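Contents: one structure, followed by commentary.
The values are calculated or read from the model by the stated rules, or taken from the named source; none is laboratory data. These numbers come from a predicted model, not from an experiment. Cβ coordinates were reconstructed from backbone atoms using ideal geometry, including for glycine residues, and neighbour counts include every protein chain displayed. Keep in mind that these areas ignore ligands, DNA and RNA; they rest on the heavy atoms of the full protein, side chains included. Shrake-Rupley method; radii C 1.70, N 1.55, O 1.52, S 1.80 Å.
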Amino acid sequence: MTLKKIHEVLDGCCPDQKVQVRGWIYRKREGKDLIFLVLRDSTGIIQCTVKKTSPAWSEAQKLTIESSLSLEGTAREDKRAPGGYEISAENINIIGLAETFPIGKDKSEEFIRDMRHLWLRSRKMNLVMKVRDQVFESAREYFKSQYYTEVSPPMFISAAVEGGSTLFGLKYFDQQLYLTQSSQLYLEILMYSLEKVYCIAPSFRAEKSRTIRHLTEYWHMEGEWPFADMTDLMKFEEDLMTHICQSIGEKCEKEFAELGADINKLKTVKAPFPRITYKEAIERLKPKNPTLDWGTDLGYEDEKVLAEEFGKPFFVYDYPTEIKAFYCKTYSDHPEIAMSVDMMVPRIGEISTGGAREDNKDILIQRMKAQGLNPEDYEWYLDLRRYGTVPHVGFGMGVERLIVWMLDLDNIIDAISFPRTTRRFYP
Ligand code: 4AD
Ligand code: MG
């Protein structure tokens with residue numbers, strides 16, 4: 001008798017052999033002479049049958065949904081069983097008999113969200129979390145292959161990165177601190193030591209928008225490196241995105257198939273990506289949105305319209321300086337234009353923002369003042385321009401936005417195990 005994971009049995013490891021599997025009851029159907037159990041473990045679900053004549057019958061009768069158990073039986077190929085294999089049970093050892101499980105077929109979306117701690121056991125969430133794990137691994141793989149060093153910036157910070165309106169403040173002993181909105185400024189510090197740096201870390205936004213693309217706590221994949229310009233930046237971002245999509249396309253076939261998501265969309269992602277300037281974006285959108293003039297930020301709806309036209313990832317670059325953060329570098333002959341670039345994808349719009357950083361201390365101070373920021377709060381940041389300033393670029397991509405797009409999920413809250421939104425923070 002060998003202990004097996006369910007996927008091994010489904011992969012045909014041991015037809016007509018005795019196996020032991022351990023897991024939880026996913027579904028149960030009871031007939032007069034036969035009980036059908038669907039057992040789940042981390043790797044999959046498998047149908048098990050218990051005959052009335054089997055010594056496992058009385059234990060099988062007691063089993064409730066989500067009870068944990070160890071089951072022994074004979075694995076058999078059976079075309080009618082979901083997955084092509086089933087186990088006919090000969091012995092069942094109940095480990096933890098579950099009380100009546102609150103999540104059933106008829107429960108509302110709202111109820112399921114309140115039961116997040118239990119809903120994470122569902123096939124859907126299990127599969128999404130596995131794809132997410134692979135996204136992290138593939139991203140790290142690409143950064144590493146390009147000799148980037150992974151760093152760990154702080155989450156408690158003393159000054160805003162992305163403007164005050166989405167900043168979470170908190171009492172830190174008797175001081176006012178904030179939760180970081182982006183690790184960018186810290187990556188800029190570390191870049192002077194390690195050159196190519198990246199991190200995958202949480203970012204926080206006091207974001208009231210209730211859309212399929214906003215969380216208050218999300219995972220942010222950010223990179224920063226010196227001696228580089230906008231061309232280098234877009235090339236790196238599209239190569240990173242291509243690598244992640246190709247790698248998921250290769251490694252997550254099963255997960256996509258079970259989730260009913262289209263994996264071919266990822267397999268066709270290849271650099272280079274189309275690029276248009278913000279000015280061209282406005283011209284394209286103007287017939288559909290006459291209120292859109294040069295200087296207005298693109299809204300979610302505008303981005304969706306643009307993305308629909310491309311049908312795949314693309315870049316919009318050279319935004320108006322006025323709508324961009326203080327650190328964005330501007331063109332010396334066109335100070336009204338900032339070297340800033342967004343990557344967009346269908347249905348979601350923006351999934352990353354990046355750009356060249358202002359490396360001139362005096363211009364940086366002017367930009368801070370123009371945005372009502374106090375340069376004294378950013379003394380350490382200004383030091384980076386005082387001591388060996390260097391042209392540099394960086395970007396940040398929202399991991400959950402990437403996953404929502406990849407898997408075509410209805411909502412960003414399903415791209416993360418414990419979503420934080422205006423209304424949700426339990427458990
Ligand atoms: O566009 P953002 O605000 O840019 C920055 O934070 C830069 N400092 C990044 C950098 O250059 N290092 O945020 C970057 C990305 C967005 O494109 C989006 O994908 C994601 O972070 N994002 C969110 N994801 C989920 N929920 C939210 N509320 C998000 N806000 C931003
Ligand atoms: Mg942005």
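Working carefully through the options ILE363, ILE413, find the one that is farther than 26 Å from PHE236 by Cα and within 15 Å of ligand 1 (Cβ to nearest atom).
Working: ILE363 fails: within 15 Å of ligand 1 (Cβ to nearest atom).
On inspection, the qualifying residue turns out to be ILE413.
Checking the condition out of contact with any helix residue (DSSP H, G or I) (no Cβ under 8 Å at 6 or more places or on another chain), within 30 Å of LYS304 (Cβ to Cβ) and open to solvent by less than 30 Å² (accessible area, probe 1.4 Å), which residue from SER203, SER209 passes?
Working: SER209 fails: open to solvent by less than 30 Å² (accessible area, probe 1.4 Å).
Every option except SER203 fails the conditions.
List the pairs whose first member sits in the range 356-374 and is surrounded by 15 or more Cβ atoms within 10 Å (Cβ to Cβ), whose second member is of a type in the set (A, V, I, L, M), and whose Cβ atoms are under 6 Å apart, counting only residues at least 6 apart or on separate chains?
ALA356/MET230; ALA356/MET339; ALA356/VAL393; GLU358/LEU364; LYS361/LEU382
When only residues in the range 265-283 that are outside any loop (DSSP other than H, G, I, E, B) and over 29 Å from ILE337 (Cβ atoms) count, which is least open to solvent (accessible area, probe 1.4 Å)? Show your work before the answer.
The first filter runs over the range 265-283 and keeps only residues outside any loop (DSSP other than H, G, I, E, B), leaving 265-267, 275-283.
Then drop every residue that is not over 29 Å from ILE337 (Cβ atoms), which leaves 265-267.
On the way: LYS265: 54, LEU266: 0, LYS267: 68 Å².
Ranking the candidates gives LEU266 first.
Results for (1) acidic (Asp, Glu); (2) away from ligand 1 (no atom under 16 Å from the Cβ); (3) under 21 Å from GLU224 (Cβ atoms); (4) in contact with a Leu (Cβ under 6 Å, 6 or more places away or on another chain), shown as yes or no for each residue.
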| site | (1), (2), (3), (4) |
| --- | --- |
| LYS329 | no, no, yes, no |
| ALA338 | no, no, yes, no |
| ILE351 | no, no, yes, yes |
| LYS369 | no, yes, no, no |
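Could we say that ASP262 is in contact with an Asp or Glu (Cβ under 8 Å, 6 or more places away or on another chain), open to solvent by 50 Å² or more (accessible area, probe 1.4 Å) and more than 22 Å from GLY355 (Cβ to Cβ) here?
For ASP262, the condition - in contact with an Asp or Glu (Cβ under 8 Å, 6 or more places away or on another chain), open to solvent by 50 Å² or more (accessible area, probe 1.4 Å) and more than 22 Å from GLY355 (Cβ to Cβ) - is met.
Can you go through SER88, SER70, SER58 and tell me which one is farther than 23 Å from ARG121 by Cβ and not in a helix (DSSP H, G or I)?
Details: SER70 fails: farther than 23 Å from ARG121 by Cβ; SER58 fails: not in a helix (DSSP H, G or I).
Criteria check complete, one pass: SER88.
All but one of (1) within 16 Å of ligand 2 (Cβ to nearest atom); (2) of a type in the set (A, V, I, L, M); (3) not in a helix (DSSP H, G or I) hold for LEU402; which doesn't?
Result: LEU402 fails condition (3) only.
Among the strands (runs of 3 or more DSSP E) contained in the range 160-224, which hold 2 or more residues that are closer than 15 Å to VAL393 by Cα and within 12 Å of ligand 1 (Cβ to nearest atom)?
Numbers: elements: 168-172, 175-179, 197-204.
So the answer is 197-204.
Residues in the range 336-343: is at least one surrounded by 15 or more Cβ atoms within 10 Å (Cβ to Cβ) and among the charged types (D, E, K, R)?
Let us first name the residues in the range 336-343 that are surrounded by 15 or more Cβ atoms within 10 Å (Cβ to Cβ), namely 337-343.
If we keep only those that are among the charged types (D, E, K, R) too, we end up with 342.
Yes, there is a match, as at least one residue in the range 336-343 is surrounded by 15 or more Cβ atoms within 10 Å (Cβ to Cβ) and among the charged types (D, E, K, R).
What about SER145, is it surrounded by fewer than 17 Cβ atoms within 10 Å (Cβ to Cβ) and either touching a helix residue (DSSP H, G or I) at 6+ places or on another chain (Cβ under 6 Å) or under 23 Å from GLY223 (Cβ atoms) (or both)? So that I can check it myself, show each step before the final result.
On the way: surrounded by fewer than 17 Cβ atoms within 10 Å (Cβ to Cβ): yes; either touching a helix residue (DSSP H, G or I) at 6+ places or on another chain (Cβ under 6 Å) or under 23 Å from GLY223 (Cβ atoms) (or both): yes.
Judged against the criteria, SER145 is a match.
Taking the condition more than 16 Å from ligand 1 (Cβ to nearest atom), touching a Lys or Arg at 6+ places or on another chain (Cβ under 7 Å) and open to solvent by less than 60 Å² (accessible area, probe 1.4 Å), does LEU306 pass?
Details: more than 16 Å from ligand 1 (Cβ to nearest atom): no; touching a Lys or Arg at 6+ places or on another chain (Cβ under 7 Å): yes; open to solvent by less than 60 Å² (accessible area, probe 1.4 Å): yes.
In short, no.
Do we find that GLN20 is in a strand (DSSP E or B) and in contact with a Pro (Cβ under 8 Å, 6 or more places away or on another chain) in this structure? Before you say what the answer is, go through the steps one by one.
Working: in a strand (DSSP E or B): yes; in contact with a Pro (Cβ under 8 Å, 6 or more places away or on another chain): no.
Considered against the rule, which asks whether it is in a strand (DSSP E or B) and in contact with a Pro (Cβ under 8 Å, 6 or more places away or on another chain), GLN20 comes out as no.
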